[in-house]
Structures are given as C-alpha cells and as structure tokens.
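Here the structure is laid out as structure tokens; the discussion comes afterwards.
The values are calculated or read from the model by the stated rules, or taken from the named source; none is laboratory data. Since the model is a prediction, treat every value here as computed from it, not as a measurement. Cβ coordinates were reconstructed from backbone atoms using ideal geometry, including for glycine residues, and neighbour counts include every protein chain displayed.
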Amino acid sequence: MSIIKDARALRPSHIPSDLYHRDAKIRQLADALRPIMDGDIGQNTLIFGPSGTGKTTLAKFVVQELEAETLDFRWGYHNCISGSSKSEVLFGVMRDAGLGASLRKTGSPTSSFLNRLRESDKRVVAIIDEVDVLEHDTALQALIDLDNVTVVAITIDEDDFFTHLDSRMRSRLRSAEPIRLERFTHIQLVDIL
Ligand SMILES: Nc1ncnc2c1ncn2[C@@H]1O[C@H](COP(=O)(O)OP(=O)(O)OP(=O)(O)O)[C@@H](O)[C@H]1O
Ligand SMILES: [Mg+2]
C-alpha cells in the first residue's frame, strides 16, 4: 500500500481538489472576495505563513471555487520571483487575467498594463505571490489604487512585510484582511498524505 495517496500532493503548481484543515481560512478569504460577485468592492487580503503552509494553494483554490460559482470577475496570478519590477508585476497580472491581448511585455509602457486592468469589463482579483522579493511597493500601490481591483498579497513574514512598506501603503494595508496560516501538525500531515 502506498503511503502517499497522491504523488502530486507536494508539488506546488498542483492545486488539490480539496484542501485539508483549512476550512476557516477558506471561508475567511472567500468572505473577503465574495462582495465582488455582488458587484461590490472586495476586501484586499494579506496571506502570511511559513513556507509550505499552503498560502499559494489557498489563494488559487478560493478564486477557482468562486469562479465555479460565477463568471462575473477575472483573476490574475503573478509570482514576483518570476519578475519583480513594477512593469513585470502589472504585465503578469494583466496577462494572466486574460487582458493582455496584443500587448507586448517589452516596448509597451507600464501605464498600458495598468490601463488594461482599469478598463477591464469585469472586476479583477490580483494575486501577488512572494511580495517580499518586490523591488519596491509601487506595483502593489498601483494595483490597490485601482477601484476595480482587489489585491491578495502573499508573503511569509507579516512584520517584515509591514516594515518594508512606505507609510501611505502601510496605513492602507492595515485595514486589509490578514489571513495567517500555521504549519500543519504532524497528525494533519499524516492525514493529507
Ligand atoms: N490544505 C491543504 N491540503 C492538502 N494539501 C495542501 C494544502 N495546502 C497546501 N497543500 C499542498 O502543500 C504544498 C505546499 O503548499 P503551497 O505551495 O501552497 O505553500 P506555500 O505556503 O505557498 O509555500 P511557499 O511559501 O514556499 O510558497 C503543495 O503541494 C500543496 O498542494
Ligand atoms: Mg507559495
């Protein structure tokens, strides 16, 4: 008998069809985003927790679940490790949200990426992963300043995150919904694998 029921379970790009032991966190994120489905503004959210606690998985899982309920929004995911400049972040989100038709990454001004997001036919959820590697917080700032965009920012350390924000962003993001993930206990891990 195999101990590992699903060999893909620990591969980060794979989103499990069911998340274990995260019901409260799933609800917390879904509640922050659900107003978008009713034509309202979603709540910006910050996801914190050590590596491997399922931050990326949680964010993708919840937007996919909401997407199954309604097609009334778009979402774009960008991992800052694959591009940490303002231009790369905005391009990444825009393209992943399906708004990048005919826009090229190089040679296009950053403002054109921002305009595509602003002019989106539907509201946009922007998942920005590993924000600790951002060169500065202007990309986050630009996204948060767009009325039709709700930001889900992901990083490991909460104190470190707030320390590196400029003061305007710090006060803006103090009102964001914090979702704190803890390590799975040994018993939970046995259950997952
Ligand atoms: N609730 C869960 N139930 C089952 N498997 C999970 C759950 N959460 C995460 N996983 C699995 O655990 C692994 C780690 O999750 P994930 O990559 O989302 O963690 P992370 O917090 O984003 O880590 P990092 O900070 O290194 O990016 C993935 O393979 C994912 O499929
Ligand atoms: Mg991750």
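Structure data summary
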quantity	calculated
Lone unmet requirement of (1) within 16 Å of ligand 1 (Cβ to nearest atom); (2) free of Cβ contacts under 8 Å to residues at least 40 places away in the same chain; (3) polar (S, T, N, Q); (4) in contact with a helix residue (DSSP H, G or I) (Cβ under 6 Å, 6 or more places away or on another chain) for residue 110	(1)
Residues being surrounded by 21 or more Cβ atoms within 10 Å (Cβ to Cβ) and without any contact (Cβ under 8 Å) to a residue 40 or more places away in the chain - total across region 71-100	5
Helices (runs of 4 or more DSSP H) lying entirely in region 25-140 (those with 1 or more residues that are modelled with pLDDT of 95 or more and over 14 Å from the mean Cα position of the chain (by Cα))	86-96, 110-118
Residues being surrounded by fewer than 16 Cβ atoms within 10 Å (Cβ to Cβ) and either closer than 28 Å to residue 38 by Cβ or within 16 Å of ligand 2 (Cβ to nearest atom) (or both) - total across region 105-114	0
Hits in region 50-83 (condition: more than 14 Å from ligand 2 (Cβ to nearest atom), closer than 16 Å to residue 96 by Cβ and not aliphatic (A, V, I, L, M))	64, 67, 73, 74, 75, 76, 83
Where a residue in region 169-193 is under 30 Å from residue 141 (Cβ atoms) and its partner, wherever it lies, is modelled with pLDDT under 95 and charged (D, E, K, R), with Cβ under 7 Å and at least six apart	169/137
Hits in region 140-161 - residues which are away from ligand 1 (no atom under 16 Å from the Cβ) and among the small types (Gly, Ala, Ser)	142
Failed item, numbered, when residue 137 is tested on (1) out of contact with any His (no Cβ under 8 Å at 6 or more places or on another chain); (2) among the charged types (D, E, K, R); (3) away from ligand 1 (no atom under 16 Å from the Cβ)	(1)
Elements of type helices (runs of 4 or more DSSP H) contained in region 145-193, each with 1 or more residues being more than 20 Å from residue 28 (Cβ to Cβ) and among the aliphatic types (A, V, I, L, M)	167-174, 186-192
